[in-house]
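Engineer: Got a structure for you, written out below as structure tokens; questions coming shortly.
The values are calculated or read from the model by the stated rules, or taken from the named source; none is laboratory data. Just so it is clear, the structure is predicted and the values come from calculations on it, not from any experiment. FYI the Cβ positions are ideal-geometry reconstructions off the backbone, even for glycines, and counts take in every protein chain you see.
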Amino acid sequence: MKNGLFKYLTVLILSLAGSSIYTVPYIKYVFYDIQLEVMNINHMQSGFLLTIYALGCICTYIPGGIITDRVSPRKALCISLWCTALLSTLYAYTLSYHTAIVIWFLFAISTAFVFWTSLLKAISMAGNRDEQARLFGVYYAGSGLAGALINTIALKTSALTTDPKQGFVYAIMVMAFFSFICGFLVFLVVKEIQTTNTHQDEKFHISHLRLLLKTPILWCFSFIVFTGYAVSSSTTYFTPYLTNVIGISVEESGFFSIIRSHLFYLIAPLGGYLADKVFRSTAKLFIVLFGLLAMTFIGMLLIESNISPTLISIYTLLPGALGLMLYGLVFSIMRETNIPLKFSGTAIGIASIIGYAPDLFMSTMFGYWLDNYGNDGYTLIFTFLFSASCVGMILSAIILKQKDRSTLSLHQGGLYT
């Protein structure tokens with residue numbers, strides 16, 4: 001096979017692997033109501049599973065990154081995929097909430113510890129430096145298609161029986177199967193990557209970490225990741241909203257969820273084109289996207305009960321599309337902070353810890369609102385998301401205004417020396 005074709009085949013296999021490994025940890029995105037019914041849990045307990053998962057992920061980001069530089073990415077990916085398949089199978093055959101808490105913490109180890117950084121390294125090493133944007137664009141597009149495919153198969157398989165519990169088990173096993181098979185595909189396709197020694201001048205020192213933490217623009221970047229992830233990940237709550245408030249079927253709501261959570265990743269390359277060719281600034285595009293998101297959440301608050309359920313279902317696709325376009329580019333805005341390239345990994349690590357913090361509290365908080373206020377809880381959820389969009393818009397404007405000054409502050413802080 002020619003190198004060019006093999007390169008994109010590698011990225012597509014990584015897309016399938018990167019999508020399949022997260023299907024069970026985030027199973028509520030498609031099977032929200034069924035999971036609550038089968039496990040006999042409430043909204044808050046469902047949210048607490050993601051809180052445990054996020055806590056585990058945050059605890060493993062830094063040590064996982066260190067270990068990734070010392071082990072084979074291919075082996076790390078394969079072991080992570082197989083362990084996730086094993087944990088998913090264990091979950092399918094227990095469906096106990098207390099066991100699930102332990103499993104979700106272990107999911108953090110199997111999907112975040114060495115998997116995420118190994119995945120990024122494998123994608124990057126598939127091509128040369130000039131191809132990075134295209135490779136990552138192919139990855140996110142492929143990941144969206146793979147996620148849609150896996151969840152559609154899982155959804156259809158679950159419908160083969162009238163027993164909700166058995167159908168849910170079928171869906172989990174479909175997801176586990178894909179993770180298991182992807183482990184073998186990665187082993188066969190992904191090349192071994194040799195570790196290299198880092199020159200003494202390029203090593204990161206603790207003094208640089210202190211200087212980075214004192215850089216205001218880094219905090220703006222980190223909280224843009226926070227607001228972008230908060231808004232994009234919260235589209236999962238449209239799934240129970242459409243069934244409990246609007247009244248459509250669980251299967252219909254599940255298909256809309258697949259579109260929002262997976263297929264819209266296909267527009268990430270469009271967002272990259274708009275940022276580079278039209279707005280010529282990711283920050284400018286983010287001001288527009290966050291502004292539009294704020295308007296869509298205002299629209300959700302103003303929707304009247306006599307509007308067609310089909311129209312409302314289609315309307316919920318808007319924040320899904322805008323949110324995933326934004327999330328697909330959220331780390332690219334770092335280039336406008338002018339943080340030196342040799343510190344970009346550490347900056348991304350800091351931003352990831354802050355940016356993915358919504359998983360620590362948001363699902364539990366939203367679940368508490370729904371448990372205690374019923375359908376009125378959605379008013380609080382949409383208000384929160386409107387506020388987050390406004391904050392993201394303001395922070396994007398600050399980065400746009402301060403991007404020239406940030407270079408000066410970093411020079412003064414010694415990060416370029």
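Engineer: Within region 32-47, identify whether any single residue is within 21 Å of ALA146 (Cβ to Cβ), outside the structural domain of TYR368 (by the TED database), surrounded by fewer than 20 Cβ atoms within 10 Å (Cβ to Cβ) and out of contact with any strand residue (DSSP E or B) (no Cβ under 9 Å at 6 or more places or on another chain), and answer yes or no.
Structural biologist: So far as region 32-47 goes, no, none of its residues is within 21 Å of ALA146 (Cβ to Cβ), outside the structural domain of TYR368 (by the TED database), surrounded by fewer than 20 Cβ atoms within 10 Å (Cβ to Cβ) and out of contact with any strand residue (DSSP E or B) (no Cβ under 9 Å at 6 or more places or on another chain).
Engineer: Separate question: Picking from SER344, SER387, which residue would you name as being under 30 Å from TYR53 (Cβ atoms), at pLDDT below 80 and out of contact with any helix residue (DSSP H, G or I) (no Cβ under 6 Å at 6 or more places or on another chain)?
Structural biologist: On the way: SER387 fails: at pLDDT below 80.
Residue meeting the stated conditions: SER344.
Engineer: Can you name the residue in region 23-54 that is of a type in the set (Phe, Trp, Tyr) and in contact with a Ser or Thr (Cβ under 6 Å, 6 or more places away or on another chain) and, of all such residues, is modelled with the lowest pLDDT? Talk me through it step by step, then tell me what you get.
Structural biologist: If we filter region 23-54 for residues that are of a type in the set (Phe, Trp, Tyr), which is where we start, we get 26, 29, 31-32, 48, 53.
From what's left, in contact with a Ser or Thr (Cβ under 6 Å, 6 or more places away or on another chain): 29, 32, 48.
On the way: TYR29: 81, TYR32: 87, PHE48: 91.
If we take residues in region 23-54 being of a type in the set (Phe, Trp, Tyr) and in contact with a Ser or Thr (Cβ under 6 Å, 6 or more places away or on another chain), then TYR29 is modelled with the lowest pLDDT.
Engineer: Further question: Scan region 158-180 residue by residue and report those that are free of Cβ contacts under 8 Å to residues at least 24 places away in the same chain and either surrounded by fewer than 17 Cβ atoms within 10 Å (Cβ to Cβ) or under 24 Å from the mean Cα position of the chain (by Cα) (or both). Lay out the reasoning, then the answer.
Structural biologist: Initial filter on region 158-180 (free of Cβ contacts under 8 Å to residues at least 24 places away in the same chain): 160-163, 166, 170.
Correct list: LEU160, THR161, THR162, ASP163, GLN166.
Engineer: Restricting region 298-335 to residues that are of a type in the set (Ser, Thr, Tyr) and either in a loop (DSSP other than H, G, I, E, B) or crowded, with 20+ Cβ neighbours inside 10 Å (or both), which is nearest to the chain's Cα centre (by Cα)?
Structural biologist: Residues of region 298-335 that are of a type in the set (Ser, Thr, Tyr), as a first pass: 305, 308, 310, 313, 315-316, 327, 332.
In the following step, the residues that additionally are either in a loop (DSSP other than H, G, I, E, B) or crowded, with 20+ Cβ neighbours inside 10 Å (or both) were identified as 305, 308, 316, 327.
On the way: SER305: 32, SER308: 31, THR316: 19, TYR327: 8 Å.
By that ranking, first place goes to TYR327.
Engineer: Another question about this same structure. Could you figure out which of (1) under 16 Å from MET175 (Cβ atoms); (2) hydrophobic (A, V, I, L, M, F, W, C); (3) free of Cβ contacts under 8 Å to residues at least 12 places away in the same chain isn't true of ALA85?
Structural biologist: (3)
Engineer: Would you be able to tell me the number of residues in region 2-31 that are over 16 Å from the mean Cα position of the chain (by Cα), among the hydrophobic types (A, V, I, L, M, F, W, C) and surrounded by 17 or more Cβ atoms within 10 Å (Cβ to Cβ)?
Structural biologist: Of all residues in region 2-31, those over 16 Å from the mean Cα position of the chain (by Cα) come to 2-13, 31.
If we keep only those that are among the hydrophobic types (A, V, I, L, M, F, W, C) as well, we get 5-6, 9, 11-13, 31.
Next, only the ones that are surrounded by 17 or more Cβ atoms within 10 Å (Cβ to Cβ) stay: 11-13, 31.
Number satisfying all stated conditions: 4.
Engineer: Quick check, is ALA54 in a helix (DSSP H, G or I), aliphatic (A, V, I, L, M) and under 16 Å from the mean Cα position of the chain (by Cα)? Reasoning before the result, please.
Structural biologist: Values: in a helix (DSSP H, G or I): yes; aliphatic (A, V, I, L, M): yes; under 16 Å from the mean Cα position of the chain (by Cα): yes.
So ALA54 passes the test.
Engineer: Looking only at residues that are surrounded by fewer than 21 Cβ atoms within 10 Å (Cβ to Cβ), polar (S, T, N, Q) and not in a loop (DSSP other than H, G, I, E, B) in region 74-119, which one is farthest from the chain's Cα centre (by Cα)?
Structural biologist: The qualifying residue farthest from the chain's Cα centre (by Cα) is THR99.
Engineer: While we're looking at this one, here's another question. All but one of (1) touching a residue at least 24 places away in the same chain (Cβ under 8 Å); (2) out of contact with any helix residue (DSSP H, G or I) (no Cβ under 6 Å at 6 or more places or on another chain) hold for SER257, so report the exception by its number.
Structural biologist: It is condition (2) that SER257 fails.
Engineer: Next question. Among what's in region 260-289 and is free of Cβ contacts under 8 Å to residues at least 40 places away in the same chain and surrounded by 19 or more Cβ atoms within 10 Å (Cβ to Cβ), pick the residue that is farthest from LEU317 (Cα to Cα). Quick ask: steps written out before the conclusion?
Structural biologist: First pass over region 260-289, keeping only residues free of Cβ contacts under 8 Å to residues at least 40 places away in the same chain: 273-274, 276-280, 288-289.
From the residues that got through so far, the ones that are surrounded by 19 or more Cβ atoms within 10 Å (Cβ to Cβ) too are 274, 289.
Values: LEU274: 20, LEU289: 14 Å.
Of everything passing the filter in region 260-289, LEU274 is farthest from LEU317 (Cα to Cα).
Engineer: Return yes or no: is LEU324 modelled with pLDDT under 90, closer than 30 Å to PHE48 by Cα and not polar (S, T, N, Q)? Outline the logic, then answer.
Structural biologist: Working: modelled with pLDDT under 90: yes; closer than 30 Å to PHE48 by Cα: yes; not polar (S, T, N, Q): yes.
Yes, satisfied.
Engineer: If I filter region 193-208 for residues that are within 28 Å of PHE286 (Cβ to Cβ), at pLDDT below 95 and crowded, with 16+ Cβ neighbours inside 10 Å, do I get at least one hit?
Structural biologist: yes
Engineer: Which of (1) surrounded by fewer than 22 Cβ atoms within 10 Å (Cβ to Cβ); (2) out of contact with any Leu (no Cβ under 6 Å at 6 or more places or on another chain); (3) under 22 Å from ALA54 (Cβ atoms) does PHE223 not meet, given it meets every other one?
Structural biologist: Exception for PHE223: condition (2).
Engineer: Quick one: which of TYR241, TYR237, TYR265 is at pLDDT below 80 and of a type outside the set (Asp, Glu)? I'd like the intermediate steps shown before the answer.
Structural biologist: Values: TYR241 fails: at pLDDT below 80; TYR237 fails: at pLDDT below 80.
After applying the criteria, what remains is TYR265.
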